[in-house]
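*Asks:* Let me give you the structure first, and then I'll get to my questions.
We did not get these values from a lab; they are worked out from the coordinates using the rules stated. As the structure is a prediction and not an experimental result, all values here were calculated from the model. No Cβ is skipped: glycine too gets one built from the backbone with ideal geometry, and neighbour counts run over all protein chains shown.
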Amino acid sequence: MLKKLFIIGVLSANVSFAQQEADSITYRLFKSLWKIVGKMV
């Protein structure tokens, strides 16, 4: 039981970390796209 809880905890921690990583990557992509659009306008 404890082992199961531990595995679930580790997995959910990994998921939230991956989510934060994806968010920061998306943010950087959006920022660079915005710069390109700003130059075109």
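*Asks:* So which residues in segment 1-10 are part of a helix (DSSP H, G or I) and surrounded by fewer than 10 Cβ atoms within 10 Å (Cβ to Cβ)?
*Replies:* Leu2, Lys3, Lys4, Leu5
*Asks:* Still on this structure: Being under 17 Å from the mean Cα position of the chain (by Cα) and among the aliphatic types (A, V, I, L, M) is the filter here; which residues of segment 11-41 pass it?
*Replies:* Leu11, Ala13, Val15, Ala18, Ala22, Ile25, Leu29
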